[in-house]
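Below: the structure, in structure tokens.
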Amino acid sequence: MTTPRYGQALQWAEDIHRPQRRKGKQVPYISHLISVSALVWEDGGNEDQAIAALLHDAIEDAGQSHASIADRFGIDVANIVRDCTDT
């Protein structure tokens, strides 16, 4: 089951990635984030992991910080996102 947090994360991911498209395509970037999150759910992940999947590019591609993610969705989500971020 999901809580309102998941919907909030989906909306925020769409907001922060809205101007972006998939490389070489006109496909909205959010499609990639939804796909990754779906894989997490389907492989038995929990809501924090699915939220982190939605936000996994937020630091490197959308100008967010570990702190901004932690403030919205908690330290566990922020830590997963940080660990998925290319430096």
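The values are calculated or read from the model by the stated rules, or taken from the named source; none is laboratory data. These numbers come from a predicted model, not from an experiment. Using ideal geometry, Cβ is built from the backbone for each residue, glycine included, and neighbour counts are taken over all protein chains shown. Surface accessibility is based on the protein's heavy atoms, side chains included, excluding ligands, DNA and RNA. Shrake-Rupley method; radii C 1.70, N 1.55, O 1.52, S 1.80 Å.
List every residue pair whose Cβ atoms sit under 8 Å apart, with the two residues 6 or more apart in sequence or on different chains, where the first one lies in segment 71-87 and is on the phi < 0 side of the Ramachandran plot and the second, anywhere, is surrounded by fewer than 20 Cβ atoms within 10 Å (Cβ to Cβ) and of a type in the set (Lys, Arg).
Listed by first residue and then by second, the contacts come to 73/5.
Which residues, counting only those in segment 15-56, are closer than 19 Å to residue 79 by Cβ and either among the small types (Gly, Ala, Ser) or in contact (Cβ under 8 Å) with a residue 60 or more places away in the chain (or both)?
Once the filter is applied, which keeps residues that are closer than 19 Å to residue 79 by Cβ and either among the small types (Gly, Ala, Ser) or in contact (Cβ under 8 Å) with a residue 60 or more places away in the chain (or both), segment 15-56 yields 37, 45, 50, 52, 53.
Could you check segment 1-63 for helices (runs of 4 or more DSSP H) lying wholly inside it with 1 or more residues that are among the hydroxyl-bearing types (Ser, Thr, Tyr)?
Qualifying helices (runs of 4 or more DSSP H): 4-17, 30-42.
Restricting to segment 20-41, and then to whatever is within 10 Å of the chain's Cα centre (by Cα) and hydrophobic (A, V, I, L, M, F, W, C), can you tell me which residue is nearest to residue 55 (Cα to Cα)?
Once the filter is applied, the top-ranked residue is 33.
What's the number of the condition residue 86 fails, among (1) crowded, with 17+ Cβ neighbours inside 10 Å; (2) charged (D, E, K, R); (3) modelled with pLDDT under 95?
(1)
I need a count of the residues in segment 4-33 that are out of contact with any Phe, Trp or Tyr (no Cβ under 7 Å at 6 or more places or on another chain), open to solvent by less than 80 Å² (accessible area, probe 1.4 Å) and of a type outside the set (Asp, Glu).
Residues in segment 4-33 being out of contact with any Phe, Trp or Tyr (no Cβ under 7 Å at 6 or more places or on another chain), open to solvent by less than 80 Å² (accessible area, probe 1.4 Å) and of a type outside the set (Asp, Glu): 13 in total.
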